[in-house]
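Since the structure comes first, as structure tokens, the remarks are kept for the end.
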Amino acid sequence: MRLWTYKRAFQYENNNYEVKFSFTFTTYTSQLFCNNTIIDQVTGTFVEGLPVIKHKVEPPTIQGVDGSSELINSSLKTAFTVSVGYISLWKVGIEVNNSIDNEDGNKLIYASHPGKDIHYGVKMVGKLNSAHVSPQTQAKMEVQRQKWQQNKHSIFADIGLGLAFFVVAKITGDLTIAALTGVTLGLALVVLQRFVKVDLLGGFAVFGTVMLMISGIFSLVFQSEYLVQLKGTFMGLISASVLLIDGLFRKGSYFGARFERYLNAPIAHQFFVIGLAVIGVIMAGVNYLVANYMSEDFWLNYDTFLEMPLYFVLFFTLVWRAGMTNRTVN
């Protein structure tokens, strides 16, 4: 979704030019028009920073028989470069230079904001990188990037299952059918995992499959929409019990080690796993209250859109506390 478009117009050699710089949350596009016809376009992502974009324009030529190039009849006789860059956090400016290589700063022929530096964005990002990003932080960011590449498929799979449950429930109005659809798709993921190299189950294949089967049996045995709503409560209590057993009797060695694979720093396994059990009990209680005291439609929206953000807030708070506990112990 396009958020905004900056327009910067200028004239050069009797031609009307205009730069249109638009951006979304993650990407930008700079277009150069000549007499309302687009002649150049550059697209990039903000992950790369805030670079100065250069549109290079040369007079049209024809290739002679002897290999030489000759100018054809055109109103444009001189090559030039249009540079587009941020002059502040909120504004974009342009500079027109009649040197293609832009090596001579004295050849500036037009500036949309005289006295402003179109390299503001480049310099700002450079200062932030040099001032705040240490080698350790850069290494940590690289680890995060690698872990995202490893885990993104399982995250997309989880989101897909949740959306499938929501769509089927909305279309059919039957939560039992929606739950069984989720179980079917989940089992299909387990089967598919045997034939693909990417991780679709997040490293918890055994535990996830067992919980999936319990969920399926629950939906088949209890053909009641109210009990389907309470399934999250029952499943939360079951998973919390398993986590609590691991935390108390195995010091979190099973689940703690597996979760640590996806985090950026060591955690206190026992503290973390027992904390997860507590979160499971909290989420089970919240689901019970919503199912009993709110409408079915409100519960469906909570289950699809609100439950996961609430869980993430509690989860990352626990990660932070578990990391602090680990540093204190060591």
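Residues that are more than 23 Å from residue 155 (Cβ to Cβ) number at least 3 in the following helices (runs of 4 or more DSSP H) confined to segment 220-330: 225-249, 269-293, 296-301, 307-329. The single condition among (1) modelled with pLDDT under 85; (2) surrounded by 11 or more Cβ atoms within 10 Å (Cβ to Cβ); (3) closer than 19 Å to residue 97 by Cβ; (4) of a type outside the set (Val, Ile, Thr) that residue 49 does not meet is (3). In segment 102-134, the residue that is farthest from residue 54 (Cα to Cα) out of those that are part of a helix (DSSP H, G or I) and modelled with pLDDT of 85 or more is 123. Residue selection: residue 177 satisfies the criterion of being part of a helix (DSSP H, G or I) and over 27 Å from the mean Cα position of the chain (by Cα). Only residues that are in contact with a Ser or Thr (Cβ under 7 Å, 6 or more places away or on another chain) and surrounded by fewer than 18 Cβ atoms within 10 Å (Cβ to Cβ) were counted across segment 264-291, and they come to 1.
Within segment 267-293, residues that are over 17 Å from residue 235 (Cβ atoms) reach partners that are among the aliphatic types (A, V, I, L, M) with beta carbons closer than 6 Å, at six or more positions or on different chains, in the pairs 267/322; 268/322; 271/322; 272/322; 273/243; 275/318.
Residues are listed down the side, and each one gets a yes or a no for (1) closer than 21 Å to residue 117 by Cα; (2) crowded, with 16+ Cβ neighbours inside 10 Å; (3) touching a strand residue (DSSP E or B) at 6+ places or on another chain (Cβ under 9 Å); (4) in the same structural domain as residue 94 (by TED's automatic domain parsing):
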| site | (1), (2), (3), (4) |
| --- | --- |
| 10 | yes, yes, yes, yes |
| 13 | no, no, yes, yes |
| 16 | no, no, yes, yes |
| 22 | yes, yes, yes, yes |
| 32 | yes, yes, yes, yes |
| 40 | no, yes, yes, yes |
| 55 | yes, yes, yes, yes |
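If only residues of segment 88-101 that are closer than 12 Å to residue 117 by Cα and at pLDDT 90 or above are counted, the one that is surrounded by the fewest Cβ atoms within 10 Å (Cβ to Cβ) is 93.
Could you tell me how many of the residues in segment 16-31 are of a type in the set (A, V, I, L, M, F, W, C) and closer than 14 Å to residue 54 by Cα? Talk me through it step by step, then tell me what you get.
To start, the set of residues in segment 16-31 that are of a type in the set (A, V, I, L, M, F, W, C) comprises 19, 21, 23, 25.
Applying the additional criterion that residues be closer than 14 Å to residue 54 by Cα yields 19, 21.
Summing the residues that are of a type in the set (A, V, I, L, M, F, W, C) and closer than 14 Å to residue 54 by Cα in segment 16-31 gives 2.
Report yes if residue 267 is in the same structural domain as residue 146 (by TED's automatic domain parsing), at pLDDT below 90 and either closer than 21 Å to residue 328 by Cβ or not small (Gly, Ala, Ser) (or both), otherwise no. Before the answer, list the steps.
On the way: in the same structural domain as residue 146 (by TED's automatic domain parsing): yes; at pLDDT below 90: yes; either closer than 21 Å to residue 328 by Cβ or not small (Gly, Ala, Ser) (or both): yes.
So residue 267 fits the description; yes.
The residue that is modelled with the lowest pLDDT, counting only those in segment 1-27 that are among the aromatic types (Phe, Trp, Tyr) and within 25 Å of residue 79 (Cβ to Cβ), is 12.
The values are calculated or read from the model by the stated rules, or taken from the named source; none is laboratory data. This one's a predicted model, so the numbers in the text were calculated from it and none came from an experiment. All Cβ positions, even for glycine, are placed from backbone atoms using ideal geometry, and neighbour counts span all protein chains on display.
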